[in-house]
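A short worksheet on the structure shown next.
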């Protein structure tokens, strides 16, 4: 039998092949206790359903429901011992998890208990196998995989010590992925909180949270006092279709080809608006969280945007990065733009570039704008850092799963 492409040093023995049913001492099905009997759902036995399992998250199941011992005895569900592996065989095929505590499941599961090979290794070997099963089931009328079909599948495994090494290594990668995901989510929550607290609310003249040294009131003025419409067009064709920019809710102003894989520009781009670094762009395209469009600042290289966008230059009293931050809170963006916009029959925005500046905003002086911009730039950098690390680790895990198993 061939060996895996990547192997820890010192391991040379061939791997063994067994049926999945031979590596577990016991298997358990599941069921759903009567939902009409409230007493069944007041116990302390975790009862999991397919939606409790998250794709690729193999060790951190958080059950949302618990059942009683009576519910177990009066339904098809079974009490599964701790340190078993729960595998989704019907709705959501491909998901599975190691369960460090005793539990019960819905009828969408098959659980393997009393494992004869290393549990961590088994989880990853099964995960890899279930990806194939999931692909086989997709696109067919088959709703899942039967118990007999699953238990007849072959699993190939090395010696006990090599199993432990592989399982521990992949688990450590998963732990790092979870860590960076958690950090990313925490930083996003912090950003949302600060977008509320570092700006005046409900007619207040100062925000709740402020940098030391700033004491003057923020000013209530029209946005047109801070930005002016840019009428600069790409008449000299300085920019080509490769320089067309798009506006993304999550990523800001991005190159269209790099971000979307191709250019959506028309035959000529000479009437497109020029966007320099530091210019502000309003896209009138409705987004799920922003039905009246979004406002972003160009922090990258110059380019051009279609005539559907409005382009603005910052005035002397304006830090343009602050303008984007001000409008990053969805509720603030929506309440600002709502009175200015009339929606057309095709859901397009009926608002001129100039009229979009006629709403009231509350801004501090430029030096405080710059301090706030710097703070949020640091937060954005941290979010990007954790997201990138997470993506890198996921790629590495995928590569190792392909090459550390037969």
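Any read-out appearing in this document is the output of simple, stated calculations on the displayed coordinates, not a laboratory observation. A quick note: this is a predicted structure, and the numbers were derived from the prediction, not measured. Cβ: placed from backbone, ideal geometry, glycine included. Neighbour counts: every protein chain shown.
The figures follow:
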{"read-out": "Nearest-ten-degree value, helix 160-197 long axis tilted from longest Cα axis of the chain", "value": "30 degrees"}
{"read-out": "Spin-label pair residue 229/residue 403, simplified geometry with 7 Å Cα→Cβ offset, distance in nm", "value": "5.7 nm"}
{"read-out": "Whole-Å distance, taken between Cα centres, linking region 1-46 and region 227-282", "value": "52 Å"}
{"read-out": "Residue-averaged [θ]222 nm for the chain, counting only DSSP H segments that reach four residues, each worth -39500 (n - 2.57)", "value": "-10500 deg cm²/dmol"}
{"read-out": "Rg/Rh for the chain, where both radii come from Cα atoms and Rh is the Kirkwood radius", "value": "1.10"}
{"read-out": "Normalised contact order of the chain, rounded percent, pairs of Cα under 8 Å and 6 or more residues apart", "value": "15 percent"}
{"read-out": "Residue of 290, 334, 202 that the Gaussian network model of the chain assigns the largest fluctuation, springs spanning Cα pairs under 10 Å", "value": "202"}
{"read-out": "√(5λ) per eigenvalue of the Cα gyration tensor, region 219-362, largest first, Å", "value": "23, 17, 14"}
{"read-out": "Length gained when the stretch residue 374-residue 219 is fully extended (0.36 nm per residue, less Cα-Cα span)", "value": "53.8 nm"}
{"read-out": "Order of 53, 115 - criterion: other Cβ atoms within 10 Å of each residue's Cβ, fewest first", "value": "115, 53"}
{"read-out": "Translational diffusion coefficient (Stokes-Einstein; Kirkwood radius from C-alpha pairs) of region 16-157 at 25 °C, 0.890 mPa s, in µm²/s", "value": "161 µm²/s"}
{"read-out": "Residues 106, 132 arranged by fewest to most Cβ contacts within 10 Å", "value": "132, 106"}
{"read-out": "Exposure proxy ranking, count of Cβ atoms within 10 Å, fewest first, for 9, 128", "value": "9, 128"}
